[in-house]
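The values are calculated or read from the model by the stated rules, or taken from the named source; none is laboratory data. Every value quoted in this text rests on a predicted model; they were computed, and no experiment measured them. Cβ sites come from the backbone with ideal geometry, for glycine too, and all protein chains shown count toward neighbours.
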């Protein structure tokens, strides 16, 4: 069971809290606004009404004891920058900060954040990828242009195996699983035969998937 600290109950922070609670994580939440914090208390093991730009406040949380600290302050970039920096200075193991603009990414990554989440951009990428091509059903952006895609099995692949198709050699993509009837089947054997009612989960560079789906 992981311990999580979420600072700021932005819309994204609230959704994050609910999802972590579903996964039985121990979550502590903090926000300066009692009216925002109170409705979310039932999802957390601990809640603090506090100004988290105050170093003494953060120190009192014992931030180094959490597996991950999230900074979800919505459009309050200056405060997010301060909190991210202080968390790292106080020994936080991992700091992930919410951003709203590209320029914020650069500053946060240089000043404390180990990673950033850009909810609007991430959702835009997923929607554009799935709605612009009928063969693409879902997408998860990783880093440096690498992406995980869920796509339909090409008709030419039906009844053939990974070994026969020489997928990695021909297309420079890695098949990591198939999805059938809503269930994920990972780590496929070379002699696995594809069927028309399956989707494949692949990891590759964005440039390679574009060539492939064409």
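Test of understanding: among 127, 96, 140, 103, which residue is modelled with pLDDT under 75, closer than 30 Å to residue 14 by Cβ and assigned by TED's automatic domain parsing to the domain that holds residue 14?
Exactly one of 127, 96, 140, 103 is modelled with pLDDT under 75, closer than 30 Å to residue 14 by Cβ and assigned by TED's automatic domain parsing to the domain that holds residue 14, namely 103.
Which of the helices (runs of 4 or more DSSP H) found entirely inside region 3-71 contain at least 1 residues meeting this: in contact with a strand residue (DSSP E or B) (Cβ under 6 Å, 6 or more places away or on another chain), surrounded by 13 or more Cβ atoms within 10 Å (Cβ to Cβ) and in contact (Cβ under 8 Å) with a residue 40 or more places away in the chain?
11-22
Would you call residue 171 at pLDDT below 80 and either more than 27 Å from residue 17 (Cα to Cα) or outside the structural domain of residue 72 (by TED's automatic domain parsing) (or both)?
Criteria not met by residue 171.
Of the residues in region 106-124, how many are loosely packed, with under 14 Cβ neighbours inside 10 Å and at pLDDT below 75?
Result for region 106-124: 4.
What is the one condition in (1) over 15 Å from residue 29 (Cβ atoms); (2) in a helix (DSSP H, G or I) that residue 83 does not satisfy?
With respect to (1) over 15 Å from residue 29 (Cβ atoms); (2) in a helix (DSSP H, G or I), residue 83 is out only on (1).
What's the number of the condition residue 45 fails, among (1) more than 22 Å from residue 110 (Cβ to Cβ); (2) at pLDDT 95 or above; (3) in contact with a helix residue (DSSP H, G or I) (Cβ under 6 Å, 6 or more places away or on another chain)?
Unmet condition: (3).
With the structure loaded, tell me whether residue 78 is more than 17 Å from the chain's Cα centre (by Cα) and assigned to a helix (DSSP H, G or I) or whether it fails that test.
Judged against the criteria, residue 78 is a match.
Just name the residue that is surrounded by the most Cβ atoms within 10 Å (Cβ to Cβ) out of those in region 159-185 that are touching a strand residue (DSSP E or B) at 6+ places or on another chain (Cβ under 7 Å) and free of Cβ contacts under 8 Å to residues at least 12 places away in the same chain.
167
Identify all residues within region 186-196 that are on the phi > 0 side of the Ramachandran plot and in contact (Cβ under 8 Å) with a residue 40 or more places away in the chain; write none if there are none.
Selection gives nothing.
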